[in-house]
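J.: I am attaching a structure below and will ask some questions about it afterwards.
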Amino acid sequence: PCPDEAAVLRYLAGEAGVEAFALEAHVDRCALCRRWFAELARTSLGLPAVAVSDDDAAGPSLGEHLPPGAEVGRYRVLRVLGSGGLGVVYAASDPRLRRTVALKVLRTEVARNDAARLLAEARAMAKLSHPNVCAVLDVGVIEGRWFLAMALLEGGTLAQWLAQPRPRAAILQRFTEAARGLLAVHRVGVIHRDFKPSNVLLDAHGTAQVSDFGLSAELRESTEAHGGTPHYMAPEQRD
């Protein structure tokens, strides 16, 4: 069920404890709560509110979700894995290489304005091959909609994994793996800028891999632009 306002405010104040991981797992799946969290976060940071129409609050239209069997370039959609503000992620088959991939497709209404973010994500992820960084396989545009093909990781997100009680040693292992992924990314001159448990994926063996570089930037670039998730921002970035 969607969380109540008290739970969200505890989360934004950093007082949710273990409950935070379950909230993040829910927000990954719920477009309405993503927008609600964003508005409460802006209010708590003293930022001006942004008007949200009823259509926006209802989340993406069904027309934005490609049905099973739909073709995106050479890829064939199998099922929806998740959705976010910019696009929808599908499990898709790649008949040429006979494998299944995660296919991130931008929504129609944001494709023109945010295609640069998807391309930046692909370039950032393609700079290295590391066991703790989700591999990018392909990027392209078809019928005006940009897509990104990535390795399909079936273990869910670290936020979902943390929603259940885990041994301390296992938690330390997952976060150590994620830290190694971030270190590898930093070594090729990229900063993530939106690192959080819901942006870390687990493979079939439970190994953590850092993903979702849509807000990344090269170290030599200016990082003054706002970006990230308020609850996970460094204080100086949030201020």
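J.: Grab the beta carbon distance between L172 and E71, set R0 = 35 Å, and tell me the FRET efficiency rounded to 0.05.
T.: 0.20
J.: Still on this structure: Using the Karplus equation 6.51 cos²θ - 1.76 cosθ + 1.60 (θ = phi - 60°), what ³J(HN,Hα) coupling, rounded to whole Hz, does each residue of region 149-166 give in order, writing x for Gly and Pro?
T.: 9, 10, 4, 8, 10, 8, x, x, 8, 5, 4, 5, 5, 6, 5, 9, x, 10
J.: OK, next. Report the label-to-label distance for V188 and I142 in nanometres (one decimal), using points 7 Å from each Cα along the Cα→Cβ vector.
T.: 2.5
J.: Given H placed 1.01 Å from N in the peptide plane, which residues other than close sequence neighbours of K196 have an amide H under 5 Å from its amide H?
T.: Residues meeting the amide H criterion: none.
J.: Calculate the FRET efficiency for R98 and R123 from the Cβ-Cβ distance with a Förster distance of 25 Å, rounded to the nearest 0.05.
T.: Given R0 = 25 Å and the Cβ-Cβ separation, E is 0.40.
No value in this document is a laboratory result; all are computed from the given coordinates. A quick note: this is a predicted structure, and the numbers were derived from the prediction, not measured. No Cβ is skipped: glycine too gets one built from the backbone with ideal geometry, and neighbour counts run over all protein chains shown.
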